[in-house]
1. Filter segment 79-117 down to residues that are at pLDDT below 85 and not in a loop (DSSP other than H, G, I, E, B) and give me whichever is most open to solvent (accessible area, probe 1.4 Å).
2. Considering only residues that are over 20 Å from Trp65 (Cβ atoms) and in a helix (DSSP H, G or I), which ones fall in segment 118-146?
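The values are calculated or read from the model by the stated rules, or taken from the named source; none is laboratory data. Computed from a predicted structure; not experimentally measured. FYI the Cβ positions are ideal-geometry reconstructions off the backbone, even for glycines, and counts take in every protein chain you see. The area values use the complete protein model at the heavy-atom level, side chains included, leaving out ligands, DNA and RNA. Shrake-Rupley method; radii C 1.70, N 1.55, O 1.52, S 1.80 Å.
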Amino acid sequence: MPNYRRHHVAGGCYFFTINLLERHKNQLLIQHINILRQVVKQIRLKFPFHIDGWVVLPEHMHCIWTLPEGDDDYATRIRLIKTLFSKQIPKAERRSAVRQRRCERGIWQRRYWEHVIRDENDYIRHMDYLHFNPVKHGHVKQVKDWPYSTFRHLVNKGVYPENWAGSDIDINVGESG
């Protein structure tokens, strides 16, 4: 069995990519966006974290979280988000024999991609990558047009200009989501 090593920094800031199992033409996350939002809200009550940035695409999502001081348990938060979301949506997915034996839904990829944000430049690059992702995948022509993102909130806070399109950024931050 592979030995996946995760980097843990108590109170750290992390970038995540979380994928659905069946990515081809899957719209599950945006079809059930209100359930996903409610699940995240529920998890944050019990296991707080700050949402720095988040974008939900039809079949995957990217997020940047800052954990409370002394806390490095992002794995529990991700597991609970996946579990509670899965429990609240209709059972319509195909399940492999392995998933059936383990009583697992066939919704999420088992693994996720995590990266510890190292410094301010790394933070900015990942925030830009996250918000530019709907354009990268051809869902919209401009970042401001994607409704399932923290971009609008950050425009209102003055972090991004409304017409920010990311054309001058390097959107290749080392992962394939």
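1. The residue in question is Arg101.
2. Initial filter on segment 118-146 (over 20 Å from Trp65 (Cβ atoms)): 135-145.
Scanning segment 118-146 gives Val135, Lys136, Val143, Lys144, Asp145.
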